[in-house]
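Have a look at the structure below, then the notes.
Since every read-out is calculated from the coordinates, none of them should be taken as a lab result. Keep in mind that this is a model prediction, so the values were computed, not measured. So basically every Cβ, Gly included, is an ideal-geometry build from the backbone, and we count neighbours across all protein chains shown.
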Amino acid sequence: MMKIFIYIIFFFISFLNISLAEIINVFEFTEKELSELKVRKVRGADAKTIYSLGENENGKFLRAEANNSASGLGKEIEINLDKTPFLNITWKIEKDLKGIVENSKKGHDYAARVFVVKKTGATPLSNRAMNYVFSSNKDIDSYHPSPFTKKSIDYALSTTKENFNEWVTVKVNVKEHFKKFHDLDLDKINGVVIMSDTDNSKLSSLAYYQNIYFSSE
């Protein structure tokens, strides 16, 4: 009887800790939100990536189909990194970009990526960014500056070398990464961008995004 009582107490304490963890959802993946998000076509790209909505047993998701195209869905949102430094992403790649050199200008494409942006100047080119990617060729935790700007760091949180055509959930400490890669002690970031692009390699990809949020732990 005592063992059962202790187990019940432990269960409720664990549940309480989960409930107390602060969570800030970035995207809702609704029709209304999709119509309001800022669509940014990459300069020089032939077409925009096609984004559409879907739903499964875990909730709503965003489908991203890129065919020699590049455009992002951006949301201006301030996230307090002192309170919620962890970015959480659930995503899947159904068609990847195997064989490209991702740290080259001709191969700088990702079937799925999520930018976290900090405004550090008057123009977009002055901003700093961590570009969290689902790589088709690199290992997890590999990283390099974008071949187009050193102010954006590509960091592989997932890879199709390990998780192809299956949902995978990742978590990363954004505050620590901005300090490590940009030498910035941030208390907040200003925006988050989803982008699937294949304009440099001229290939096609298919990816899905779900449950993108910041958390306290």
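For this structure, a couple of remarks:
- Potential lengthening between Ala47 and Lys179 on full extension [0.36 nm per residue; Cα-Cα distance subtracted]: 44.0 nm
- Relative contact order (%) - the chain, alpha-carbon pairs under 8 angstrom, separation at least six: 33
- Scalar couplings 3J(HN,Hα) for the range 33-50, obtained by applying the Karplus form with A = 6.51, B = -1.76, C = 1.60 to θ = phi - 60°, are 5, 4, 6, 9, 5, 6, 9, 10, 7, 5, 4, x, 6, 6, 8, 8, 5, 8 Hz; x denotes Gly and Pro.
- One decimal place: the segment Glu166-Ile77 gains 29.2 nm when fully extended, by the rule 0.36 nm per residue minus the C-alpha distance.
- In Hz, Karplus ³J(HN,Hα) per residue of the range 76-81 (6.51, -1.76, 1.60; θ = phi - 60°; x = Gly, Pro): 7, 8, 8, 10, 7, 6
- On Cα atoms only, tilt of 2-20 relative to the major axis of the chain in degrees: 40
- Counting charges near Ser69 (Lys, Arg +1; Asp, Glu -1) among other residues having Cβ under 15 Å from its Cβ returns a value of +3.
- In straight-distance terms, cross-link reach from Lys202 covers every one of the aspartates and glutamates whose alpha-carbon lies under 16 Å from its own, apart from those fewer than eight places away in the same chain; here that gives Asp46, Glu65, Asp96, Glu102, Asp109.
- Where GluC sites (Glu not before Pro) fall in DSSP loop in the range 53-94, at most 12 other Cβ within 10 Å: Glu57
- Spin-label zone in the range 181-217 - amide nitrogen under 20 Å from a point set 7 Å from the Cα of Leu34 along the C-beta vector: 192-198, 205-213
- Spin-label pair Thr149/Asn58, simplified geometry with 7 Å Cα→Cβ offset, distance in nm: 3.1
- Remark: the range 84-98, residue by residue, has Karplus-estimated 3J(HN,Hα) of 10, x, 9, 8, 10, 9, 10, 8, 8, 10, 8, 9, 9, 10, 4 Hz, where x stands for each Gly or Pro and the curve is 6.51 cos²θ - 1.76 cosθ + 1.60 at θ = phi - 60°.
- Legend: distances between Cα atoms for Lys32/Lys138; Lys32/Lys150; Lys32/Lys105; Lys60/Lys138; pairs beyond 32 Å are Lys32/Lys138; Lys32/Lys150; Lys32/Lys105.
- Magnitude of the charge dipole, the chain, Cβ model with Lys/Arg +1 and Asp/Glu -1, debye to 20: 580
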